[in-house]
Amino acid sequence: MTKKERRKAIIIFAVIALVFLIASFLTASNVPKTETVQEVMRDAVLHDSNKVMLLGRAVNPGLLSGVIVSGILIVFALICRLFVIPRFKIVPGRLQMFLETVVSLFDNMAKGSSKINRVLGAYIFAAGAYIFTGTLFELLGVQAVTTEGLSISLPAPLSDINGAIMMGCLSYLFIMSGGVAGNGLKGIGKTLKEYSLPISLSFRLFGALLSGALVTELVYYYSSLSYVLPVFVGVLFTLLHALIQAYVLTMLTSLFYGQVSDDTPPPPKEKKAKKTGRKNKVKDQTDKKAA
Amino acid sequence: MTGVPLNIDWQQIMLHLLNFTILFGALWILLYKPVKDFIAKREKYYEDIDQKAQDNLKASETERDEYKARISQLDQEIRAEKEKAREDIDKVTSQRIQEARDEAEQILNDAKAEAERQKEKIITSAQKEISDMVTEATEKLALEQSASDAFDQFLDAAERTERG
């Protein structure tokens with residue numbers, strides 16, 4: 001691109017941005033807000049009032065987000081399976097390289113963690129894809145209508161406490177299944193030792209994604225904060241969360257899975273010399289010398 | 001669900017679980033497994049190429065060793081042939097030398113015999129000549145002595161006359 005073309009592109013971009021800015025001022029509605037910021041943020045945590053209909057049942061918006069994200073991922077996988085994977089070549093193209101890199105990443109993580117890794121790789125791949133895509137889904141701002149007739153932007157699926165608990169507990173159960181596969185009933189005992197794991201996994205996800213959702217809600221609640229700032233907020237609280245939380249959960253799951261499925265016996269502990277016995281021996285020797 | 005903190009809803013947890021399980025199954029079957037299979041296939045493809053290259057290398061090395069062995073065998077054969085040829089040459093040469101020596105000795109003996117014969121012949125002829133010469137000289141001497149004795153007697157008489 002020449003200097004002249006670059007300048008032209010920048011001018012066009014600035015004009016489009018200006019048009020959108022003016023349009024946003026012109027289309028501002030004067031309808032008073034039905035919820036205060038406190039209510040909005042409380043609802044983001046507790047989902048008291050803003051529920052959406054799914055299969056004839058009022059559910060938290062996070063569940064609807066989860067279904068949509070799953071749908072997007074399944075459609076993407078289906079397209080890849082039908083049109084991309086059959087055309088895979090020995091020397092890969094860009095999309096093939098991307099798919100192979102992602103699959104290899106989780107596969108290597110699973111292989112590095114445990115000897116029993118047939119399902120582990122697939123599980124952490126699915127969990128990682130779900131967390132990453134689900135968190136990025138928040139950026140799209142897909143609108144849904146609540147049961148009360150209000151319009152809401154769909155949040156990340158795991159910012160819903162129910163979704164986070166599901167992911168944390170399922171990962172824990174999956175780790176336990178690895179323990180059973182590697183050590184039989186002893187593996188259950190090994191997994192139960194880490195009793196705090198489902199809570200920590202669940203609430204880590206919930207806390208991280210909820211904080212992102214709350215900051216986003218806060219920013220978008222006020223019109224004045226809705227210019228430029230969302231760019232940074234989106235990167236800081238959504239893109240980074242998507243990467244970090246996907247990595248953390250998959251890494252922890254594979255780590256604990258490898259730990260509980262490891263069937264190598266622990267090294268024998270060295271016997272410590274009894275301090276009291278030694279003291280008595282020294283005392284006896286001193287007495288003899290004195291005598 | 002009043003009384004449950006954070007409005008935790010077990011039914012929604014189950015729905016989330018159902019949703020994720022479907023996603024897990026679909027991603028495993030549609031994406032993860034085929035891509036992994038392809039990666040494994042490609043690894044096998046390169047392993048096969050590598051194996052083939054290794055086999056070729058091994059075959060080449062075996063062939064090279066065979067050729068080396070054959071070359072060394074040929075070298076040994078050539079060396080043996082050379083040795084044999086040298087021995088033959090030495091044998092022929094020594095035979096020739098012996099023959100030459102024998103011939104030379106024969107020639108020398110013949111020459112000696114001839115020389116002896118010649119010598120004998122010369123001596124014989126010389127003796128004959130000498131005897132002839134002696135005879136002739138004796139004859140001459142005998143003749144010459146009688147004349148000189150008469151002259152001497154004359155001279156002696158003349159001398160005594162003069163003194164006396």
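The values are calculated or read from the model by the stated rules, or taken from the named source; none is laboratory data. Not measured: the values here are computed from a predicted model. Every residue, glycine as well, gets a Cβ built from its backbone with ideal geometry; the counts of neighbours run over all protein chains shown.
No other residue among B:Ala40, B:Ala53, B:Ala59 is within 13 Å of another protein chain (Cβ to nearest Cβ) and either surrounded by 12 or more Cβ atoms within 10 Å (Cβ to Cβ) or over 22 Å from A:Gly168 (Cα atoms) (or both) apart from B:Ala40.
So which of A:Gly182, A:Gly128, A:Gly168 is in a helix (DSSP H, G or I) and over 28 Å from A:Gly207 (Cα atoms)? Of A:Gly182, A:Gly128, A:Gly168, the one residue that is in a helix (DSSP H, G or I) and over 28 Å from A:Gly207 (Cα atoms) is A:Gly182. Listed by first and then second residue, the pairs with beta-carbon distance under 7 Å, at least 6 apart or on different chains, first residue in the stretch A:95-113 and over 17 Å from B:Arg42 (Cα atoms), second outside any helix (DSSP H, G or I), are A:Ala110/A:Asn117; A:Lys111/A:Asn117.
Working only within the stretch A:147-203, note down all residues that are of a type in the set (S, T, N, Q), within 14 Å of chain B (Cβ to nearest Cβ) and more than 18 Å from A:Gly258 (Cβ to Cβ). Within the stretch A:147-203, A:Ser159, A:Asn162, A:Ser202 qualify. If you check A:Leu99 against the conditions, is it crowded, with 19+ Cβ neighbours inside 10 Å, at the interface with chain B (Cβ under 9 Å from one of its Cβ atoms) and farther than 14 Å from B:Leu23 by Cα? It is true that A:Leu99 is crowded, with 19+ Cβ neighbours inside 10 Å, at the interface with chain B (Cβ under 9 Å from one of its Cβ atoms) and farther than 14 Å from B:Leu23 by Cα. Being farther than 30 Å from A:Met53 by Cα, more than 11 Å from chain B (Cβ to nearest Cβ) and either surrounded by fewer than 23 Cβ atoms within 10 Å (Cβ to Cβ) or modelled with pLDDT of 95 or more (or both): is that true of A:Lys115 here? Taking the combined requirement at face value, the residue satisfies it.
Taken as a whole, the stretch A:184-195 holds at least one residue that is under 19 Å from A:Leu120 (Cβ atoms) and among the hydrophobic types (A, V, I, L, M, F, W, C). Residue-level check: of (1) closer than 30 Å to A:Arg42 by Cα; (2) at pLDDT 95 or above, B:Ala53 misses just (1).
From the list A:Ser24, A:Ser49, A:Ser70, pick out the single residue that is hydroxyl-bearing (Ser, Thr, Tyr) and in a loop (DSSP other than H, G, I, E, B).
Among A:Ser24, A:Ser49, A:Ser70, only A:Ser49 is hydroxyl-bearing (Ser, Thr, Tyr) and in a loop (DSSP other than H, G, I, E, B).
Just give me the residues in the stretch A:1-58 being more than 17 Å from A:Ser153 (Cα to Cα) and either within 14 Å of chain B (Cβ to nearest Cβ) or in contact with a strand residue (DSSP E or B) (Cβ under 9 Å, 6 or more places away or on another chain) (or both), in sequence order. Residues satisfying the conditions are A:Leu55, A:Gly56, A:Arg57.
Of the numbered criteria (1) surrounded by 13 or more Cβ atoms within 10 Å (Cβ to Cβ); (2) of a type in the set (A, V, I, L, M); (3) within 17 Å of the chain's Cα centre (by Cα), the one A:Leu236 fails is (1).
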